[in-house]
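Read through the structure below, which is laid out as structure tokens, and then see the notes.
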Amino acid sequence: IVDKQFFDHFRKRLFSLYYHIPLEEDEIEISTMFQVTNQMDPNPLSPKNKGWVHKDGTHVLAGVIYLTPEAKYDTGTSFYKMSTHMDTDKQYADVMKQYYSSGENSEGFDKAIEGMNSHFTENLRIYNIYNRMIAFDGQEFHAATSYVCDTPRLTQVFFVSYIGTRALPPLKRYH
């Protein structure tokens, strides 16, 4: 943790949206980080300027806070449903990992992202509005809507792996 005071404040604020009682540190496993992304390719129509549709592993909750004032709305997050079946964990994974970890433009990246994303249909688009937070089930397919921007896209992302409280979140309390 770079700044424990910031992390604790963030954790408490986040879970106050879901629970009416404070959660102790040992009841939650959460990680958070800041991300800066730029336009990936000078050609706005390049497949690199669209996000890679993915899930966030086994996380029970994931989220994004948009932190760029006056950002282009279309640099938000889109959610998808699978329209044709595929093994999303294996096919295209090596190309994606190489590109996003090294920044190297592998020859097959454009075809891989187009191939991967062709199996999905967008069903919800959230615009990038300064200080907006979205939170969602880590098993939901999603991607950055677009990386086409004039200024870098700053976000805070978070991933919750475990919530170990007996307190019920709002949806469970009212059903």
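The values are calculated or read from the model by the stated rules, or taken from the named source; none is laboratory data. Since the model is a prediction, treat every value here as computed from it, not as a measurement. Please note: Cβ atoms are built from the backbone with ideal geometry, for glycine as well, and neighbour counts cover all protein chains shown. Accessible surface is based on the protein model in full, side chains and every heavy atom, while ligands, DNA and RNA are left aside. Shrake-Rupley method; radii C 1.70, N 1.55, O 1.52, S 1.80 Å.
When you restrict to C-alpha pairs under 8 Å that are six or more residues apart and normalise by the size of the chain, the relative contact order lands at 44 percent. Taking every protein chain into account, the accessible area of the chain amounts to 62 square angstrom per residue (probe 1.4 Å). Maximal additional length on extending the Met82-Tyr162 stretch stands at 26.2 nm, based on 0.36 nm per residue less the C-alpha distance.
Computed from the C-beta positions of Asp137 and Glu114, the FRET efficiency with R₀ = 22 Å rounds to 0.25. Surface composition of the chain: carbon and sulfur make up 53 percent of the accessible area, probe 1.4 Å.
Provide, in order from the shortest bin, the percent of all Cα-Cα pairs of the range 13-76 in each 5 Å bin, continuing until the bin that contains the maximum pair distance. Here the calculated profile for the range 13-76 is 3, 10, 18, 20, 17, 13, 9, 6, 3, 1. Here the 3J(HN,Hα) profile of the range 5-11, calculated from phi with Karplus coefficients 6.51, -1.76 and 1.60 at θ = phi - 60°, is 5, 4, 4, 4, 5, 4, 4 Hz, Gly and Pro shown as x. Note on His9 and Thr37: with the Förster distance fixed at 25 Å, the Cβ-Cβ geometry gives a FRET efficiency of about 0.50. Each of Val2 and Lys97 was given a label point 7 Å from its Cα along the Cα-to-Cβ line. The distance between the two points is 2.6 nm. Converting the Cα gyration tensor eigenvalues of the chain into ellipsoid dimensions via √(5λ) gives semi-axes, longest first, of 30, 19, 15 Å.
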